[in-house]
Amino acid sequence: MAVKKVTDEVYEVGVEHWDRRLFDELIPLPDGTSYNSYIIFGRDKTALIDTVDPEKTHILLRNLEKLQVNNIDYIVANHAEQDHSGSIPKLLEIYPNAKIVTNAKAKGFLIDLLHIEEDRFIVIKEGDKLELGEKTLTFYMTPWVHWPETMSTYLLEDGILFTCDFFGAHIASSNTFSDDSDIVYEAAKRYYAEIMMPFRVAIRKNIAKVKEINPKMIAPSHGLVYRNPEFIISAYEDWVSDNVRNVTVVAYVSMHGSTEAMVNHLYNYLVESGIEVKMFNLTEADIGEYAISLVDAASLVGASPMVLGGLHPAAAFTVTLTGALRPKVKLVGIMGSYGWGGMMVDQAKSLLKTVNADFLEPLLIKGLPKEEDLKKIEKFADAIVEKHRELGLL
Ligand code: FEO
């Protein structure tokens, strides 16, 4: 909640939300999160880059008071989602001269989401500049990280690129800079997995744009400021690439042990064949950990018992999420146990249509696997091993 100095004229005045445990009512936040807001003092004008979640507006206002900010000329909205835009209506009341600086698409969202009056906006486009007096802002469109309107703002004189969600990390920290790379890497990868992964192709273009700008610092609106931008840029380059690792993710639910016996046999066979296997029991798993594992796994196996003619609801939830995340896995397998029949495989395949991978012949076993069923599981596993070999991972 403290004011953090980034440079002599740039301060981070946002909020660490230490005890937030869920984002979008979906995403677990083991390390909390932050909503970063940056104030820039030019010789003539003052600009605020992004704001904070509306429930924390009072902290942002307190931080601005601490810095004796009596006037804000520009509120730059890089992204319209409420965790960054939610304080804008209050700020417009308190700072009556302030104008919102954003692109046309974001303006539309802000009007829809926050009911802001038209005359409070200044609309900018790619490459436009805004002079603050010895401080110059340039705007670059960086869409689909994860909304279509998101942009980045570059402070020329200090070489700071403000990227909002892009390069962000769900982590609350009293530090200003991301010098503890290991902790930040994990938080940034979790953030990428849960928010950015479906847009990895679009993100490649944005990374190229950022590399061209060649900033000295990257200041996202979640997490910490990177004064070694190469660290987060190269991590992103790896995540959005087509490269996969020698990992199979096994996500399963078992009611009475039959599906569990199947995945355990699969696990042993794959591990003994030289593949790293990450197991997720979906009744207990942190779906964030599951999403992280999908960032670079080569293959995925989903296993469920047949329940009321279809997937177990916990499996259906995860399969739906997987279809939405569109991981870059190269091979998907579906397996499970049934009592008398149902449509589990069709249901799963339909939810996974968005995943651009080869699909193994599904393996359904009646009841608890018998000796001959274990052989079928080994054959199923052989196909995974073969794919990993084909990919040069084994
Ligand atoms: Fe952090 Fe898309 O908002």
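The values are calculated or read from the model by the stated rules, or taken from the named source; none is laboratory data. All values derive from a computational prediction rather than experimental measurement. A quick note on method: Cβ atoms are made from the backbone with ideal geometry, for glycine too, and the neighbour counts reach across all protein chains shown. Just so you know, the surface numbers come from the protein's heavy atoms only, side chains and all, with ligands and any DNA or RNA stripped out. Shrake-Rupley method; radii C 1.70, N 1.55, O 1.52, S 1.80 Å.
Nearest 20 debye, what's the magnitude of the dipole of the range 88-228 about its Cα centre given +1 on Lys and Arg Cβ and -1 on Asp and Glu Cβ?
Details: 17 positive and 19 negative charges, 87 e Å.
The dipole magnitude comes to about 420 debye.
So how far apart, in nm, are the two label points at Glu65 and Thr136 if each is 7 Å from Cα heading toward Cβ?
Using points 7 Å along Cα→Cβ, the separation is 3.8 nm.
Could you tally up the Lys pairs in the range 312-380 with alpha carbons closer than 22 Å? Skip any pair fewer than 8 positions apart unless they're on separate chains.
The result is 13.
Taking N as the number of residues in the chain, what value does Rg over Cα atoms divided by 2.2 N^0.38 Å take? All intermediate terms of the calculation are to be shown ahead of the outcome.
Details: Rg = 23.9 Å, N = 394, 2.2 N^0.38 = 21.3 Å.
The chain yields a ratio of 1.12.
What range in the chain is the longest one free of trypsin sites (Lys or Arg not before Pro) that are in a loop by DSSP and have at most 14 other Cβ atoms within 10 angstrom?
Values: sites that count: Arg21, Arg43, Lys125, Lys216, Lys353, Lys370.
Formally, the longest exposed-site-free interval is 217-352.
Given the Cα atoms of the range 297-358, and with Rh set as the inverse mean 1/r over their pairs in the Kirkwood sense, what is Rg to Rh to two decimals? Don't jump to the answer; show the numbers that get you there.
On the way: Rg = 11.2 Å, Rh = 11.6 Å.
Using only Cα positions, Rg/Rh for the range 297-358 is 0.96.
What stretch of the chain, leaving out the sites themselves, is the longest with no GluC sites (Glu not before Pro) in a DSSP loop having at most 12 other Cβ atoms within 10 Å? Please report the intermediate quantities before stating the final value.
Numbers: sites that count: Glu25, Glu117, Glu126, Glu134, Glu284.
Here the longest segment lacking exposed loop sites spans 135-283.
What fraction, in whole percent, of alpha-carbon pairs in the range 236-352 exceed 24 Å separation?
Details: 1485 of 6786 pairs.
When every Cα pair of the range 236-352 is considered, 22 percent fall beyond 24 Å.
Under a 5 Å amide H to amide H cut-off, with H placed in plane at 1.01 Å, what residues pair with Ile124 once short-range neighbours are removed?
Result for Ile124 returns Thr102, Asn103, Ala104.
Using Cα atoms only, what is the angle between the long axis of helix 181-191 and the major principal axis of the chain, expressed in degrees (0 to 90) to the nearest 10?
80
Just the projected area, averaged over all directions, of the convex hull on the alpha carbon atoms of the range 38-181: how many nm²? Write out the running numbers ahead of the final one.
Working: hull surface 34.4 nm².
For the range 38-181, averaging the hull's shadow over all directions gives 8.6 nm².
Whole number in Å², please: accessible area per residue of the chain, 1.4 Å probe, ligands, DNA and RNA not counted. Working shown, then result.
Working: 16280 Å² over 394 residues.
For the chain, the per-residue accessible area is 41 Å².
How much accessible surface area, in Å² rounded to 10, belongs to the heavy atoms of Asp182 with a 1.4 Å probe?
120
Heads up, I need the accessible area for Leu364: 1.4 angstrom probe, whole protein in place, Å², nearest 10.
60
Show which lysines lie in cross-link reach of Lys216 when reach means a straight Cα distance below 17 angstrom and same-chain residues fewer than eight apart are skipped.
Of all the lysines, those that pass the test against Lys216 - Cα under 17 Å, at least 8 places apart if same chain - are Lys5, Lys135.
Taking the simple approach of a point 7 Å from Cα along Cα-to-Cβ for both Thr283 and Leu308, what is their distance in nm?
If labels sit at Thr283 and Leu308, their model points lie 1.7 nm apart.
How large is the translational diffusion coefficient of the range 108-265 in µm² per second when you combine the Kirkwood radius over alpha carbon pairs with Stokes-Einstein at 25 °C and 0.890 mPa s?
Values: Rh = 17.9 Å.
Rounded to a whole number, D works out at 137 µm²/s.
Rounded to a whole number, what % of the accessible area of the range 4-240 do carbon and sulfur atoms account for, probe 1.4 Å? Numbers along the way, then the final one.
Working: 4510 of 9140 Å².
After summing per-atom areas, the C and S share lands at 49 percent.
Binning at 5 angstrom from zero up to the longest distance, how are the C-alpha pair distances of the range 258-313 distributed in percent?
Here the calculated profile for the range 258-313 is 4, 16, 25, 25, 20, 9, 2, 0.
Please report, to two decimal places, log10 I(q)/I(0) for the range 181-220 at q = 0.16, 0.18, 0.28 Å⁻¹ as given by the Debye formula with identical point scatterers on the Cα atoms and no solvent.
One equal scatterer on each Cα of the range 181-220 leads to -0.50, -0.63, -1.04.
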